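Below: the structure, in structure tokens.
The values are calculated or read from the model by the stated rules, or taken from the named source; none is laboratory data. What you are looking at is a predicted structure, and each value in this text was computed from that prediction instead of being measured. A quick note on method: Cβ atoms are made from the backbone with ideal geometry, for glycine too, and the neighbour counts reach across all protein chains shown. These area figures cover heavy atoms from the full protein model, side chains too; ligands, DNA and RNA do not enter into them. Shrake-Rupley method; radii C 1.70, N 1.55, O 1.52, S 1.80 Å.
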Amino acid sequence: MVIHPELAKAHETGVESSLYYKNKYRYLKEHGFFLTHTLNTFETTIDESVITDCIAQIQQIVFEVTDSCNLKCIYCINGNCYDGFDKTSNSNNIDVNSADILLKYILNIKSKNKAKGNITISFYGGEPLLNIDFIKHIVEVSEEIKAKNSIDINYSMTTNATLIHKHLSFFVEKNFKILISLDGNEKNNAYRLFKNGSKNSFSKVIENIDLIQRKHPNYFKNNISFNAVLHQRNSIKEVYDFIYNRYQKIPSISELAPNNIQSDKKNFFNSIYRSKRSSEEEYLKEDSKLSHITHNQQSAFIELMEFVKYYSINFYMSNIKALLQNKETFLPTNTCLPFSKKIYLTTKNKLLPCEKINHKYALGSIKENKVVIDPSQIASLYSNYYKNLQTICQQCYIYRFCGICMFSIEGLDNSNVDKLVCPNFHNIIDFKKKLKRIFSFIENNPDDLSDILKNITITI
């Protein structure tokens, strides 16, 4: 147990400590605070009814419009660095019939179950604008379904923005939310090269973004957002400085995906990888004028939110069952329940719970003109994963708020639990460092804890 050093003294026989901490220790011990350690309790089974309920409540349908792209970003998960994403030598577009089947299947279920809330239909790639006909077709079919049923449908797309000028009026008309991939200024963007040469895509992307802002300022303000990938040719400061100063937008910033790296590409990956936390520390040392604007994007702020999510009254507001029971139970890792948030259809007709997951973990498919999803089989599969994972989760000090998706754990599909390697495992030393970061951040930013508790809704 990690406790205050003075409490530790009071706990240790023969060690001198102040009367205040002796009394505090005595009180805590009388009320069960220093009970003998037992292994953390985990649920390791889920019922197939959970899967069925999740499908009925799906919030997002994501289509891999095409696995083709007009850029050759060296760090792309569809590139040569990564394994497991069904890459082929020939570019593939999504099967229109399969997409129609999935779309109607999900929307019909939602309509029958009278599920409340919006559903978002998202287009992903590759570069989705290379298959614009498919996007327009899905929007047309969705609008027809929307007119017959009381379902609110929104649209979104992730794009490199090199082709968006050709179809801008369509996206404005349909009120698309657009996430544009841009790594910062021209130097920062140097890994985003056109496929047919070695030309940086930066100039064309900026030309198109400026066009959107000039022709449709309100749309740009409300519907356009940015994501940057962090690597050794950019930094947190450079990304924020360029995108905010030019477009008054705070981008999301992602580290390079560390999983599924091909063995012969690991040295190259390490050479271009940049840690978000270390780059952030450099940025904050410079006391940038943007630091207060980007404050809520900081890793330390997000880490505090995750901590509060499970170690405050917020947890019980979201999980009443835990408040009513004497023993709290958790599922191993922080993995979303299957299809609880989204369903993703690949160009190979595979169905996954997320576009970031290795395709070998597909949970269903479109086959013979129907959706093939077996809730019983999925529940059994997840339960088996959970059973294996509890072995390492029981020893981890951040099992309550680990934040890790189990599909990023090496060896997940291996029956030998000794080969499981969790990238976020925390022993007591790691946990002490984490607590030090969190409490130091609160000390330096005392209003943040209160703001999170009062103003930010955190769901479990």
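Restricting the search to strands (runs of 3 or more DSSP E) fully inside the range 336-399 and requiring at least 1 residues that are within 30 Å of Phe307 (Cα to Cα) gives 342-345, 350-352. Here Lys370 passes the criteria (1) charged (D, E, K, R); (2) within 25 Å of Glu303 (Cβ to Cβ); (3) touching a residue at least 40 places away in the same chain (Cβ under 8 Å); (4) open to solvent by 40 Å² or more (accessible area, probe 1.4 Å) except the one numbered (2). Residue count for the range 248-271, restricted to those that are farther than 23 Å from Ile178 by Cβ and basic (Lys, Arg): 2. Given the condition part of a helix (DSSP H, G or I) and farther than 27 Å from Asn222 by Cα, answer yes or no: does some residue in the range 246-257 qualify? Checking the range 246-257: not a single residue is part of a helix (DSSP H, G or I) and farther than 27 Å from Asn222 by Cα.
When only residues in the range 410-455 that are in a loop (DSSP other than H, G, I, E, B) and open to solvent by 50 Å² or more (accessible area, probe 1.4 Å) count, which is farthest from Leu389 (Cα to Cα)?
First pass over the range 410-455, keeping only residues in a loop (DSSP other than H, G, I, E, B): 411-416, 420, 422-427, 445.
Going one step further and asking which of them are open to solvent by 50 Å² or more (accessible area, probe 1.4 Å), we end up with 413-416, 423, 425, 427.
On the way: Asp413: 11, Asn414: 11, Ser415: 11, Asn416: 11, Pro423: 13, Phe425: 11, Asn427: 16 Å.
Checking each candidate, the answer is Asn427.
Residues in the range 240-293 that are of a type in the set (D, E, K, R), open to solvent by 30 Å² or more (accessible area, probe 1.4 Å) and farther than 20 Å from Phe202 by Cβ: Glu255, Asp264, Lys265, Lys266, Lys276, Arg277, Glu281, Glu282, Lys285, Glu286, Asp287, Lys289.
Looking for whichever is over 19 Å from the mean Cα position of the chain (by Cα) and on the phi > 0 side of the Ramachandran plot here; the options are Asn414, Asn369. Which one fits? Give the steps one after another, and end with the answer.
Values: Asn414 fails: on the phi > 0 side of the Ramachandran plot.
Checking each option against the conditions leaves just Asn369.
Here Gly411 clears all of (1) modelled with pLDDT under 90; (2) out of contact with any Leu (no Cβ under 6 Å at 6 or more places or on another chain) except the condition numbered (2). Checked against (1) under 24 Å from Glu255 (Cβ atoms); (2) touching a strand residue (DSSP E or B) at 6+ places or on another chain (Cβ under 9 Å), Phe194 passes all but condition (1).
With respect to Asn154, determine if the residue is over 22 Å from Asp67 (Cβ atoms) and within 27 Å of the chain's Cα centre (by Cα). Write out each step before concluding.
Details: over 22 Å from Asp67 (Cβ atoms): yes; within 27 Å of the chain's Cα centre (by Cα): yes.
Yes: the conditions hold for Asn154.
Residues that are touching an Asp or Glu at 6+ places or on another chain (Cβ under 9 Å) and among the polar types (S, T, N, Q) were ranked within the range 114-137; the one that is most open to solvent (accessible area, probe 1.4 Å) is Asn118.
Residues are listed down the side, and each one gets a yes or a no for (1) in a helix (DSSP H, G or I); (2) modelled with pLDDT under 90:
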site: Met1; (1), (2): no, yes
site: Tyr20; (1), (2): yes, no
site: Asn23; (1), (2): yes, no
site: Leu35; (1), (2): no, yes
site: Asn40; (1), (2): no, yes
site: Ser49; (1), (2): yes, no
site: Cys54; (1), (2): yes, no
site: Val62; (1), (2): no, no
site: Ser68; (1), (2): no, no
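Which count do you get for residues in the range 169-183 that are open to solvent by 10 Å² or more (accessible area, probe 1.4 Å) and either within 21 Å of Ser201 (Cα to Cα) or in contact (Cβ under 8 Å) with a residue 60 or more places away in the chain (or both)?
Let us first name the residues in the range 169-183 that are open to solvent by 10 Å² or more (accessible area, probe 1.4 Å), namely 169-170, 172-175, 177, 179, 181.
When the remaining residues are screened for being either within 21 Å of Ser201 (Cα to Cα) or in contact (Cβ under 8 Å) with a residue 60 or more places away in the chain (or both), the result is 179, 181.
Here the count works out to 2.
Counting the residues of the range 1-44 that are open to solvent by less than 90 Å² (accessible area, probe 1.4 Å), within 38 Å of the chain's Cα centre (by Cα) and among the β-branched types (Val, Ile, Thr) gives 4.
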